[in-house]
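The values are calculated or read from the model by the stated rules, or taken from the named source; none is laboratory data. Worth saying up front: this structure is predicted, and the values here are computed from it rather than measured. Backbone-built Cβ (ideal geometry, glycine too); neighbour counts: all protein chains shown. Surface accessibility is based on the protein's heavy atoms, side chains included, excluding ligands, DNA and RNA. Shrake-Rupley method; radii C 1.70, N 1.55, O 1.52, S 1.80 Å.
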Amino acid sequence: MTQHSVVDCRNQAVGLGDIVKIIQLSPDFIASFPEEEQILISSMIGNFFKVVALDEDGYPCVMREWHDERGNPQSHVIALDSEDMEKV
């Protein structure tokens, strides 16, 4: 199996541990989440995240954590396409 190189919107290589800025997320992707979580996913745009994993296809994954109305910890891990991120 050949591992492909994942790059950001500026063609910079992105890997585990790198910091990326989310510059966009597709409206269809955001709409795939429950309505009450869509604002949390949308609020990731413009913010910086550490690449915490690589998915089965080698795409970088970032994690958003928050507490729900009862104070319980919640999280989302999302994989990013090249056009969604910029390495910093």
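Assorted remarks:
- Taken per residue, the accessible surface of the chain reaches 64 Å², heavy atoms only and a 1.4 Å probe.
- Ranking SER42, ASN11, SER26 by Cα position along the charge dipole of the chain, where only Lys, Arg, Asp and Glu carry charges on their C-beta atoms, puts ASN11 farthest toward the positive end.
- Residues considered: VAL20, VAL62, VAL52. Largest GNM mean-square fluctuation over the chain, using C-alpha springs under 10 Å, is found at VAL52.
- Protein accessible area in the chain, 1.4 Å probe - carbon and sulfur %: 49
- When Kirkwood radius over Cα pairs in Å is computed from the coordinates, the matching label among (i) 20.7; (ii) 13.6; (iii) 15.6 is (ii).
- Residue of GLU36, GLU69, GLU56 that the Gaussian network model of the chain assigns the largest fluctuation, springs spanning Cα pairs under 10 Å: GLU69
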